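Inspection log for the structure reproduced underneath, given as structure tokens.
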Amino acid sequence: MKLPLAPIIAIAVGLLAVAPAARAASGAWDPQKVTALARDLEVATRQLYDSFEKLPPLEKGSRHTRAYFRLKQEARHMKRESRWLARALEQGHDQEQALPGYESVVAAMRGARQDASEVKTNADFQTKADRASAILDSLAPFFSGAVSDAPAPQ
């Protein structure tokens with residue numbers, strides 16, 4: 001027995017037409033809002049890096065030396081990439097052009113969170129990291145339509 005293909009095709013086409021509209025509604029690209037959030041992220045990551053600089057130095061021979069220096073590099077990387085992201089958006093870069101910068105900050109934040117769990121940090125550092133993470137969370141919907149398999153910021 002053969003099933004009629006017309007209803008199946010109509011349903012499939014209908015579903016395909018609705019999916020992009022639903023995605024656009026949840027994270028429509030808003031250049032002004034994204035740029036403002038990127039500026040906030042730039043400030044937050046600069047403050048995060050500055051708070052890292054105020055952490056007490058490691059004791060010689062500490063078993064967390066590698067994590068400490070990775071954390072410092074990740075904080076520096078976030079500061080640099082978020083500055084690039086804010087400047088790029090101010091210059092009119094679109095979602096696809098800005099995506100690599102956003103993904104880079106997300107990846108650095110994920111690594112920083114992991115390394116911070118091994119290194120003795122203070123409340124100020126944690127507060128600044130939470131602030132930067134919150135801004136990344138606010139930016140996520142704007143990049144969700146373009147992000148391939150990048151996990152959400154933690």
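The values are calculated or read from the model by the stated rules, or taken from the named source; none is laboratory data. What you see is a predicted model, and the numbers here were worked out from it, not measured in a lab. Note: ideal-geometry Cβ built from the backbone for every residue, glycine included; neighbour counts use all protein chains shown. Side chains included, ligands, DNA and RNA excluded: accessible areas come from the protein's heavy atoms. Shrake-Rupley method; radii C 1.70, N 1.55, O 1.52, S 1.80 Å.
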Extension reserve of the Ala28-Asn122 stretch, reckoned as 0.36 nm per residue once the Cα distance is removed
30.1 nm
FRET E, pair Arg66, Ser138, Förster distance 30 Å, beta-carbon r, rounded to 0.05
0.40
With a point put 7 Å past each Cα toward its Cβ, work out how far Val43 is from Gln97 in nm, to one decimal.
2.5 nm
Leaving ligands, DNA and RNA out of it, report the carbon-plus-sulfur percent of the accessible area of the stretch 26-154 at a 1.4 Å probe.
48 percent
With the other protein chains left in place, how much accessible area per residue, in square angstrom, belongs to the stretch 64-154 at a 1.4 angstrom probe?
51 Å²
Please report the accessible area of Arg70 (heavy atoms, 1.4 Å probe, ligands and nucleic acids excluded) in Å², nearest 10.
110 Å²
Can you pull the accessible area of Ser144 for me, 1.4 Å probe, Å² to the nearest 10?
60 Å²
Please give the solvent-accessible surface of Leu37 in Å², to the nearest 10, using a probe radius of 1.4 Å with every protein chain present.
30 Å²
Largest first, please: the extent of the C-alpha atoms of the stretch 38-154 along each principal axis, to the nearest Å.
46, 26, 19
